[in-house]
Amino acid sequence: MVATKLSLADFLSLETDSDARCEFVDGDVIEMPPESSRNVLVSLFLLQQLLQVLPLHWLRRMDTEIVVSGRVRIPDLLVLGEDLAALLEDTGRSTITEDMPSPLLVVEVVSPGKVNEDRDYRYKRSEYAARGIPEYWIVDPAKAVVTVLTLVDGLYEAQELQGEALLRSPQFPGLSLTTAKLLSPKGTVL
């Protein structure tokens, strides 16, 4: 017996379980495994850094869905911007639909494994570019590299940063952080 594929509308109408993080890909609901402790620390540290230069209501961490290319993704971090933040305040489900503005920045912290690497480096890269997201950062603790992708004429231009290289955002000039510090946040006190 063949399982029936869901439509995007079917998925978005499902009741959500607050403990489960699920993405929607090609008609299937994909439950996301728990994050590693290291990835959680990296994303929390970056959130802390962003809070120093951006308003709280612009930021989301592992709790907001975004519809991209008929799929639904849950990024590790999002910077919404004022218009999108205001629109999400009036929704019952924290989902950025195709008729809403794009977030200003999406950050994915790569989990170990080939499937996760493919998802973050290949699939999400093309999906986020098609959605018109101006910046996409791929934070890869295992490779000790942060890839900053900037949208230019519909495609991402990549800059790989390692070690003491400064992670800077053209949109958020107040953010100044080394790649090494982001990838090794343990014990950091601000």
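Details
- One residue alone among T178, T95, T91 is touching an Asp or Glu at 6+ places or on another chain (Cβ under 8 Å) and without any contact (Cβ under 8 Å) to a residue 24 or more places away in the chain, and that residue is T178.
- Under the condition of being aliphatic (A, V, I, L, M), under 20 Å from M32 (Cβ atoms) and out of contact with any Lys or Arg (no Cβ under 8 Å at 6 or more places or on another chain), the residues counted in segment 77-104 number 1.
- Taking strands (runs of 3 or more DSSP E) as the structural unit, those lying wholly within segment 60-128 and holding at least 3 residues that are surrounded by 14 or more Cβ atoms within 10 Å (Cβ to Cβ) and of a type in the set (A, V, I, L, M, F, W, C) correspond to 65-68, 77-79, 105-109.
- Odd one out for Y156, checked against (1) touching a helix residue (DSSP H, G or I) at 6+ places or on another chain (Cβ under 6 Å); (2) closer than 21 Å to F45 by Cβ: (2)
- For S36, the criteria (1) out of contact with any strand residue (DSSP E or B) (no Cβ under 8 Å at 6 or more places or on another chain); (2) crowded, with 18+ Cβ neighbours inside 10 Å; (3) not basic (K, R) hold in every case but one, which is (2).
- Unmet requirement for L166, which otherwise passes all of (1) under 19 Å from N39 (Cβ atoms); (2) surrounded by fewer than 16 Cβ atoms within 10 Å (Cβ to Cβ): (1)
Throughout, read-outs are computed from the coordinates displayed, never taken from laboratory work. All of these numbers come straight from a predicted model, not from anything done at the bench. FYI the Cβ positions are ideal-geometry reconstructions off the backbone, even for glycines, and counts take in every protein chain you see.
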